[in-house]
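This report concerns only the one structure given below.
The values are calculated or read from the model by the stated rules, or taken from the named source; none is laboratory data. This one's a predicted model, so the numbers in the text were calculated from it and none came from an experiment. When we count neighbours, we look across all protein chains shown, and the Cβ atoms used for this are built from the backbone with ideal geometry, even at glycine.
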Amino acid sequence: MERSESILKKISILLEMIQFKLTIFAMPFAFTGAFLAGRGMPKWSVMLWVILAMVGARTCAMGFNRIIDRKFDASNPRTATRAIPAGTVKPWEAWAMVILAGALFFFSCLQLNTLTLQLSPFALCLTLFYSLTKRFTFFCHLILGVALAFSPLGGWVAVSGTLHDYPYMLSLGVLFWVAGFDTIYACLDADFDKNIGLYSLPSQIGKQKAFRLAGIFHILAFVFFLLTGWQSHLNSFFYGGVVVAAGALLYQHMLVKPQDLSRIHASFFSMNGFISVTIFAATWLSLMTQGA
C-alpha cells in the first residue's frame, strides 16, 4: 500500500513538474486541424490517437526542458523550487518519463497513417530543439511558436493523411499567438536571463519593447485566424469565435503590464487556455451549421 502511494505521489510530482494541465494550450488546435480535415467530427479511434500523440509529445518536450534547464532553474529564485533542482525528482526519473512519452508519441503516430509517422521525428525534434534556443538566440519565442504550429498540422494529417489543402493560415495564427504570450511570460525572468547570459526578447530589448512586440505578434495572430476562416470556407460562427478570442488577447495585455507582472499567471494560464478552446469550439460550430 505504501509503495503504491509512493508511486502515485511520484507521478503527481512529475505531472506537476511538466505542468501537464497546460496541454490544453495545444490540444484544441490539434482538434481544430482534425475537424477541418474531416469537415466535422473524425472517427473516435483517430481522435484517441491524436490525443495520445499530443500528450506524448508535450510530456516529452517539457520533461526534456526541465532536465536540460535544471542548473539554470536552480540558480533562479523563481524556479529553484521546481522538482529537479529541489530534489523531489531525480534526473534519471525525468529521463525515464521523457523516453516513455516519446515512445507513446511515435506509437500513436504509427496507429494513424504513413505521413503522420514520417513527419513525427521532425515535429518532436523541433519541440525538443526549442529548449536549447534560449542559449543562443532571442528568436526562441518564434521557434516555440513554430513548434506548436505543428499541432493543427498534425491533427489535419492524422485525419487526411495528406498535406493537400491544409489551411496554413491556422498554423501561422498559432505561431504568432504562442510567440506573443511566450514573450510576455519571459518578462518574469528578463533580469535573470540578462545577468546569466541567456537570450530572450525581454532580456535583449527590455520589457517595455518586448510587450509592444508581443502586441504586434498577437495582432498578426488575430489576422491569420480570420484568414483561416476564409481559407477553410467557414461561416460567421467561426468569425464570432475569433472576435471573442481577440477580446481575450486584448484583456491579456490589459491585465499585465511591464512594470506589474503580478497577474501574469492569470493571463498566461487562464486566457490562453480560453483562446485555444474558443477557436476550436468556433470551428466545430461553424462546420456543424454549414448548410443548415
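Could you check, for the range 117-126, whether at least one of its residues is in contact with a helix residue (DSSP H, G or I) (Cβ under 9 Å, 6 or more places away or on another chain), farther than 23 Å from Val46 by Cα, part of a helix (DSSP H, G or I) and among the aliphatic types (A, V, I, L, M)? There is at least one residue in the range 117-126 that is in contact with a helix residue (DSSP H, G or I) (Cβ under 9 Å, 6 or more places away or on another chain), farther than 23 Å from Val46 by Cα, part of a helix (DSSP H, G or I) and among the aliphatic types (A, V, I, L, M). The set of residues in the range 58-106 being of a type in the set (A, V, I, L, M), within 28 Å of Val157 (Cβ to Cβ) and surrounded by 15 or more Cβ atoms within 10 Å (Cβ to Cβ) consists of Ala61, Met62, Met97, Val98, Ala101, Leu104.
Among the residues making up the range 259-272, those that are buried (at least 17 other Cβ atoms within 10 Å of the Cβ) and closer than 15 Å to Cys187 by Cα are Ile264, Ser267, Phe268. Considering only the range 67-117, state which residues are within 22 Å of the chain's Cα centre (by Cα) and among the hydroxyl-bearing types (Ser, Thr, Tyr). Of everything in the range 67-117, those that are within 22 Å of the chain's Cα centre (by Cα) and among the hydroxyl-bearing types (Ser, Thr, Tyr) turn out to be Thr79, Ser108, Thr116.
Just one residue in the set Phe269, Phe225 is free of Cβ contacts under 8 Å to residues at least 60 places away in the same chain and among the aromatic types (Phe, Trp, Tyr); that residue is Phe225. Among residues of the range 185-213 that are basic (Lys, Arg), those with a Cβ under 6 angstrom from a residue that is assigned to a helix (DSSP H, G or I), sequence gap 6+ or separate chain, pair up as Lys194/Ser203; Lys207/Cys187; Lys207/Ala190. Looking at (1) outside any helix (DSSP H, G or I); (2) more than 17 Å from Thr278 (Cβ to Cβ), find the lone condition where Ala210 falls short. Only one criterion is unmet by Ala210, namely (1). Taken over the range 161-217, the criterion of being closer than 30 Å to Leu112 by Cβ, of a type in the set (S, T, N, Q) and buried (at least 20 other Cβ atoms within 10 Å of the Cβ) is satisfied by Ser171 alone. If you go through the range 107-125 and keep only what is buried (at least 18 other Cβ atoms within 10 Å of the Cβ) and hydrophobic (A, V, I, L, M, F, W, C), you end up with Cys109, Leu112, Ala123, Leu124. Report every pair of residues separated by at least 6 positions or lying on different chains whose Cβ atoms are under 8 Å apart, first residue within the range 66-89 and farther than 15 Å from Lys134 by Cβ, second of a type in the set (Ser, Thr, Tyr) and crowded, with 18+ Cβ neighbours inside 10 Å. Once the first residue is farther than 15 Å from Lys134 by Cβ and sits in the range 66-89, its partners that are of a type in the set (Ser, Thr, Tyr) and crowded, with 18+ Cβ neighbours inside 10 Å give Pro85/Thr79. For Arg3, the stated conditions hold: it is modelled with pLDDT under 90 and basic (Lys, Arg). For Phe238, indicate whether it is under 19 Å from the mean Cα position of the chain (by Cα) and either in a helix (DSSP H, G or I) or surrounded by fewer than 15 Cβ atoms within 10 Å (Cβ to Cβ) (or both). Judged against the criteria, Phe238 is not a match.
Looking across the range 60-90, the residues that are assigned to a helix (DSSP H, G or I) and within 14 Å of Ile13 (Cβ to Cβ) come down to Met62, Gly63, Arg66, Ala83, Ile84, Pro85, Ala86. Residues that are of a type outside the set (A, V, I, L, M, F, W, C) and surrounded by fewer than 22 Cβ atoms within 10 Å (Cβ to Cβ) were ranked within the range 273-284; the one that is modelled with the highest pLDDT is Thr278.
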